[in-house]
Amino acid sequence: MAFTPAKMEDDGEVLAALTLDQAVERSHAIIDRAIAQTEADQKEVTAVCALFSGGNDSTTMLHLVRDRITHAVHVNTTIGIEETREFVRTTTADMGVPLIEAFPPHSYGELVRGEVIASKGKHEGEPVWKGFPVPPATR
């Protein structure tokens, strides 16, 4: 039987090691509480979404929460592997989970080249990405 190490705190109390089934139950309870709290605040819950990258962890998570979500969301940055995007589409279709495939307004290349300018906030008018830091010896 697999156990999860006790590393998280919940309401100030350290959690004991959980079995996988207990961890899944706890995750479902967290989702259910979030929905209930939203509704208690007189807000309408129009969708419950899970981000889905197509990776192993993301795929496992999607299977574990599929009865608690209304949609899966995949952010297509256009730089990933097409087979992964196809896996995301096929997996969600096979599970009967509607997929929202989101596309950022700017390409990854534009972001890395510093061509994306912040349109609001304290850095308005500045590039969103300024590149990777240059090692001191090469400056």
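The values are calculated or read from the model by the stated rules, or taken from the named source; none is laboratory data. All values derive from a computational prediction rather than experimental measurement. Cβ sites come from the backbone with ideal geometry, for glycine too, and all protein chains shown count toward neighbours.
Are there strands (runs of 3 or more DSSP E) fully within the stretch 40-139 with at least 1 residues that are under 21 Å from residue 28 (Cα atoms) and touching a Pro at 6+ places or on another chain (Cβ under 7 Å)? List them.
The strands (runs of 3 or more DSSP E) meeting that bar are 71-75.
So, residue 75, is that one among the hydrophobic types (A, V, I, L, M, F, W, C), within 25 Å of residue 102 (Cβ to Cβ), modelled with pLDDT under 95 and touching a strand residue (DSSP E or B) at 6+ places or on another chain (Cβ under 6 Å) or not?
So residue 75 passes the test.
What number goes with the only condition from (1) surrounded by 10 or more Cβ atoms within 10 Å (Cβ to Cβ); (2) on the phi > 0 side of the Ramachandran plot; (3) modelled with pLDDT under 90 that residue 12 does not pass?
(1)
Would you point out the residue of the stretch 33-51, among those that are among the hydrophobic types (A, V, I, L, M, F, W, C) and within 21 Å of residue 23 (Cα to Cα), that is surrounded by the fewest Cβ atoms within 10 Å (Cβ to Cβ)?
As a first pass, look at the stretch 33-51 and keep what is among the hydrophobic types (A, V, I, L, M, F, W, C): 34-36, 40, 45, 47-51.
Filter once more, so that each one left must be within 21 Å of residue 23 (Cα to Cα): 34-36, 48-51.
Working: 34: 13, 35: 13, 36: 11, 48: 15, 49: 13, 50: 19, 51: 13.
By that ranking, first place goes to 36.
Scan the stretch 23-45 and report the pairs whose first residue is under 19 Å from residue 67 (Cα atoms) and modelled with pLDDT under 95 and whose second residue is among the polar types (S, T, N, Q) and in a helix (DSSP H, G or I), with Cβ atoms within less than 7 Å and a gap of 6+ or a chain change.
The qualifying pairs are 45/38.
Of the conditions (1) under 21 Å from residue 101 (Cβ atoms); (2) among the small types (Gly, Ala, Ser); (3) loosely packed, with under 15 Cβ neighbours inside 10 Å, residue 54 satisfies every one except a single condition; which number is it?
Just one mismatch for residue 54, condition (3).
Within the stretch 20-51, can you find the residues that are of a type in the set (A, V, I, L, M) and more than 25 Å from residue 101 (Cβ to Cβ)?
Once the filter is applied, which keeps residues that are of a type in the set (A, V, I, L, M) and more than 25 Å from residue 101 (Cβ to Cβ), the stretch 20-51 yields 20, 23, 24, 29, 30, 36, 40.
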